[in-house]
Amino acid sequence: MIGRLLAVALLLPALAAADVSVRATLDPPQVRVGEASDLSVEIDGAQNAPVPKIALQTASTGGVTVRYVGPSTQVSIVNGQVSASITHRYSVVATQPGRFTIGPITVEYGGKTYAAGTVTLEAVAGGAPTGRGPAAAPAGEQLRLVLSAAGAEAYVGERVPITLRLTIGQVRVADLQYPVIPGEGFALDKLPEPEQRREGATQVVEFHTTLVPLRSGTLTIGPATMALNLVVRGRVTDPFFGSVLGDQRRPMELHSEPLALAVLPLPDAGKPADFSGAVGHFQFDLKASPLEVAVGDPVTVTSTIRGDGALDAVRPPAIAANDRLRVYPVQVAQVANQPAAHAGEKVFEQVVIPLAAGTVALPDLRFSYFDPEARSYQTVDRPPIVLTVHESAAAHAAPQITGAVGAPAPKPERLGRDIVFIKDAPGELRPIGARRWRSRVFWLLQLVPLAVWLGALAVERRRRRLSGDVRYARFTRAGREARAAIARAGAALRAGDRAAFHDTVAAAVRDYLAAKLDLPPGAVTAAAAAERLRRAGLALEVAGDLEAFFAACEQARFAPPGADGADMRRTLERADAIVRALERERRLGRSLAAASLLVIALASVVRAAPPAETPNTIFFSANALYGEERWAEAAAEYERVLAAGWESGNLYFNLGNAWFRAGDVGRAVLDYERARRLLPRDPDVQANLSYAREQAGESGTQTLWPRLVFPLAGRAASGELLGAASALYAAIMALLTVALFVPAVAPGARSAAAVAALALVVVLPSAAWRLATVDLPAWAVVVGHDEATVRFEPSASGTVHFQAKPGTVVRLLGAREGWAQVERADGRRGWVAQAAVATI
């Protein structure tokens, strides 16, 4: 093998002068629809010819697809005559019956255009014979894809089990990809892992999922398609050993018959007034806890709906507010997984607060759904839940009617009766202002997955070049082979074998320079090498070492007795120095990359210094003061944790409670808003902030479209969303890298990367929207006990524009000489004293 490679290297100039010819072949020329045919474009007389240009001539658009597979090169030596060729291979798949002309096929090489003509592919229907003999039949007859449903009709909104069955007969297949089931008018659940089993002599692969019809009428589902590779026995061309037997993979695309489903509309007769669109079989459970409370204490009402219907469409019953109950919106507490054709569970929670002592009966709740088997509406009633409500500690105080016009301001000791109690633990304490989107290290680390993937692409490209480009492979391996040869020369020197030493060390440097400088082995001299070094712009000081090295080798060759051990060691050192000097030019970029990674690694170990005083101790001390109803002192103690440079969502929540009970609604809203940014899903924060806003005269409502377009922006903090986006992005890069190096799992890795990319499309815009609307703008809250006067200009004599109540959330637009320019939610702008607002 080494001898052949050396012969090819010596005769490369002869290959460049060979005549070039191009021809195209299609094997087989006749296939069934969905089967693949191999198109080979062979270019004789060249090894680096580019990919050919192919045109399609067909009367029907989209009837055939041509996919590039890759190149293969071949060099042969017969009686001293060298011939080289490169073959570009394509996979041709017909998606409908017909006769297709592929071409003209042209190749541009050496400034000339070579024509390979055209080839013709004839595609017949799946059950028709192809005319290729008995051996060609199994591929079309032994593979079958069938799409089926549990029934022929269904109602709008009903979950319909769907099965996709692949039967594999006496053929070998590989690289099965997840099927695609197209169609309109229905929602299809994600395909799970398939079930595999054997039935006699055949193997069965089944995918089970469900779909939900979205409109009535006849829906056409499919046809489903699945891509795979058919493994066949054939001949493989080797560049040195000719044509040998081996396995070949031919791409195929299977198609099922389309499935028709008759979808019935839901009947209007007997439809309950509270019906919200649930179709299937459901169970409805209701409970409340605690059942014995004081006036103003919260009660959590839990509704649980189980069933085999589409839980996404389920809307729970809600308790309406009355003169004895304050209610909060229903929240989704839990959604259990709902595999295909199995029951799932969805849990809802609603917080209600009794406003009067005595026996309070919660309204009876009912849940209505449509039963597709009974073809009628069903209603599940639950009896009313009775609460025992005791007087609060301030039972003899005057009753309060929240929101009444002209109602007197509540006393401080009564303000806390409708807010959720403080948190017992400080939660996750972090340095104030430490956010993931502000971290340079976080953004620098986002370059790492991309760099890894680009490095993998470079490695894969280098591997392909090593296998297909003889000159590049020779250039790349020259350094390693030279160092190995120098090591053998050193061993010969230690053994006292002068002849072997000089032959080995001289051959090492000559072969190295021949590969690196693209010189023929017989033309490697000090002068020729120095000239190539000068043209390449590499280290010119190596030329002196080259002259001294070649002079020493020539002297040792023609006057062997004149070389002693010291001269031989100097010769060996010069050879090693020449190789290292030239190799160093290639390692500079890698050294810089390694240095960059080192800087990132060093930056990532930077940590904030520990606080001088433990913030946990201060937090629990503040909780004790709060329990003793010393609200102002508790607030001051919580502020000490902030002054030490630490914050958490629980800390802001407790501080908001302390200010609320102390009568400072503005600062309560300020700290509840800060807690909401760190704990966006905490129901206690939402409940207390809503109540505090109500006291401030603000609704705090949000428009509907951002919640629909950016569903996660209000459910997760910016750091959580960015962390999830970073994890998905890293997973995509990792899966694409795995797909490059592990062909066996490449289809699955690419499918998983596509799923991760879809999730990233949901997470990343939500993170960007939350940053743009919540974190990056400068928001502030009006603080103080009195209304703040907003004027048209930053002056105490400016005309009054409007009054802002304590707790009003405004946006800061600018500042000037003790005045802040603010914008209200309705778009009104003005100037207010800076002391009257505090930044969130």
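The values are calculated or read from the model by the stated rules, or taken from the named source; none is laboratory data. Being a predicted model, the structure only gives us computed values, none of them experimental. Here Cβ is always computed from backbone atoms with ideal geometry, including for glycine, and neighbour counts include all displayed protein chains. Remember, those area values only see protein heavy atoms, side chains included, never the ligands or the DNA or RNA. Shrake-Rupley method; radii C 1.70, N 1.55, O 1.52, S 1.80 Å.
If you check V641, V665, V685 for being β-branched (V, I, T) and either without any contact (Cβ under 8 Å) to a residue 12 or more places away in the chain or within 24 Å of V330 (Cβ to Cβ) (or both), only one passes: V685.
Of everything in the stretch 98-134 that is open to solvent by 40 Å² or more (accessible area, probe 1.4 Å) and under 19 Å from P251 (Cβ atoms), the residue that is modelled with the highest pLDDT is E122. Here V832 meets the list (1) of a type outside the set (D, E); (2) under 44 Å from the mean Cα position of the chain (by Cα); (3) in a strand (DSSP E or B) almost entirely, failing just condition (2). Of the residues screened, A269 is not one that is within 29 Å of L219 (Cα to Cα), at pLDDT below 85 and either of a type outside the set (D, E, K, R) or open to solvent by less than 60 Å² (accessible area, probe 1.4 Å) (or both). Annotation: of all residues in the stretch 174-233 being assigned to a strand (DSSP E or B) and among the acidic types (D, E), the one that is farthest from the chain's Cα centre (by Cα) is E199.
Restricting the stretch 789-800 to residues that are crowded, with 18+ Cβ neighbours inside 10 Å and of a type outside the set (V, I, T), the residue that is nearest to L689 (Cα to Cα) is R791.
Condition test on V78, is it at pLDDT below 80 and farther than 25 Å from T113 by Cα?
For V78, the condition - at pLDDT below 80 and farther than 25 Å from T113 by Cα - is met.
Does the stretch 512-534 contain at least one residue that is within 30 Å of A451 (Cβ to Cβ), open to solvent by 20 Å² or more (accessible area, probe 1.4 Å) and at pLDDT 70 or above? Among the residues of the stretch 512-534, at least one is within 30 Å of A451 (Cβ to Cβ), open to solvent by 20 Å² or more (accessible area, probe 1.4 Å) and at pLDDT 70 or above, which makes the answer yes.
Within the stretch 675-722, the set of residues being within 20 Å of A778 (Cβ to Cβ), modelled with pLDDT of 90 or more and open to solvent by 50 Å² or more (accessible area, probe 1.4 Å) comprises just one member, R676.
Within the stretch 763-776, being under 27 Å from W659 (Cβ atoms) and loosely packed, with under 14 Cβ neighbours inside 10 Å holds for one residue alone: L776. Screening the stretch 244-261 for residues that are aliphatic (A, V, I, L, M) and open to solvent by 40 Å² or more (accessible area, probe 1.4 Å) and picking the one that is nearest to A154 (Cα to Cα) gives A260. Within the stretch 780-790, if we keep just the residues that are out of contact with any Ser or Thr (no Cβ under 6 Å at 6 or more places or on another chain) and at pLDDT 90 or above, the residue that is farthest from A820 (Cα to Cα) turns out to be V783. For the stretch 437-449, a residue qualifies if it is at pLDDT 90 or above and either touching a helix residue (DSSP H, G or I) at 6+ places or on another chain (Cβ under 7 Å) or more than 19 Å from A772 (Cα to Cα) (or both), and the qualifying residues are V441, F442, L444, L445, Q446, L447, V448, P449. Is the stretch 282-291 home to any residue that is outside any strand (DSSP E or B) and modelled with pLDDT of 85 or more? Yes, that holds for at least one residue. If you check A434 against the conditions, is it modelled with pLDDT under 90 and either closer than 30 Å to A753 by Cα or surrounded by 14 or more Cβ atoms within 10 Å (Cβ to Cβ) (or both)? The answer is no for A434. For first residues located in the stretch 178-189 and touching a residue at least 60 places away in the same chain (Cβ under 8 Å), partners that are of a type in the set (D, E, K, R) and lie 6+ apart or on another chain with Cβ distances below 6 Å form the pairs G185/R215.
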